[in-house]
Amino acid sequence: MTPPPLPFFVYGTLRPGEPNHDAFLRGRTLTEEPARLAGAVLYDGPGYPYAVEGAGGRGTVYGDLVTARPEEYPALLAALDHLEEYAPNDPHSLYERVAREVVRDTDGTAVKAWVYVAAPPVAARLRTRGRLIESGDWARRPPG
């Protein structure tokens with residue numbers, strides 16, 4: 001079953017200026033605009049972040065809403081699933097791809113988008129031993 005062609009909410013290495021943006025997104029998008037995901041918090045990972053849901057409705061993750069060119073969508077979806085080590089129904093996946101409402105910063109419009117969030121076992125570890133990024137913005141995380 002092919003998932004619906006939703007935009008992507010990116011909050012880490014796929015954001016403009018970050019290392020995976022050019023490798024995966026340059027030339028494949030129609031729009032890229034600042035946005036935010038409510039009800040999640042951000043944890044620092046080994047060179048990339050994890051969004052973790054279920055923070056009791058509190059927390060905001062900042063990132064960008066990326067709309068793929070229609071002709072690029074199937075290949076981009078597959079490439080991002082591979083990058084994020086996501087495979088549907090695979091208990092070893094680091095992330096899950098979920099459809100969530102994100103809010104565009106420019107006009108406050110809520111938009112349904114794909115978001116890669118920490119898979120449940122990863123999220124559980126992060127909640128107990130992870131390094132929370134208080135700002136919710138990986139680009140503004142403290143050094144170290």
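The values are calculated or read from the model by the stated rules, or taken from the named source; none is laboratory data. Remember, predicted model here, so these are calculated numbers, not experimental data. Virtual Cβ from ideal backbone geometry, glycine too; neighbours counted across all protein chains shown. When the accessible area is computed, the model is the full protein with side chains, heavy atoms only, and any ligands, DNA or RNA have been set aside. Shrake-Rupley method; radii C 1.70, N 1.55, O 1.52, S 1.80 Å.
Worth pointing out:
- For the residues G108, G63, the requirement of being in a strand (DSSP E or B), open to solvent by less than 70 Å² (accessible area, probe 1.4 Å) and out of contact with any helix residue (DSSP H, G or I) (no Cβ under 6 Å at 6 or more places or on another chain) singles out G63.
Residue by residue, here is whether (1) within 20 Å of V122 (Cα to Cα); (2) not aromatic (F, W, Y) holds:
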| site | (1), (2) |
| --- | --- |
| F8 | no, no |
| Y11 | yes, no |
| G45 | yes, yes |
| L65 | no, yes |
| A68 | no, yes |
| A79 | no, yes |
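- The residue list A124, A99, A75 contains one member that is under 15 Å from the mean Cα position of the chain (by Cα) and of a type in the set (G, A, S), which is A99.
- In the range 6-19, residue farthest from the chain's Cα centre (by Cα) [restricted to those that are in contact (Cβ under 8 Å) with a residue 24 or more places away in the chain and open to solvent by 40 Å² or more (accessible area, probe 1.4 Å)]: G17
- Consider the range 44-59 and keep the residues that are open to solvent by 10 Å² or more (accessible area, probe 1.4 Å) and within 12 Å of the chain's Cα centre (by Cα). The one that is farthest from A119 (Cα to Cα) is Y48.
- Counting only strands (runs of 3 or more DSSP E) that sit completely within the range 1-58, those holding 1 or more residues that are closer than 21 Å to Y73 by Cα and at pLDDT 95 or above correspond to 8-10, 29-38.
- Complete set of residues in the range 88-105 that are within 23 Å of D22 (Cα to Cα) and not in a strand (DSSP E or B): L94, D105
- Leading residue by the ranking (nearest to T128 (Cα to Cα)) among those in the range 79-95 that are without any contact (Cβ under 8 Å) to a residue 24 or more places away in the chain and open to solvent by 60 Å² or more (accessible area, probe 1.4 Å): H92
- Of the residues L42, L94, L83, L77, the single one that is in contact with a helix residue (DSSP H, G or I) (Cβ under 7 Å, 6 or more places away or on another chain), under 17 Å from P3 (Cβ atoms) and of a type in the set (A, V, I, L, M, F, W, C) is L83.
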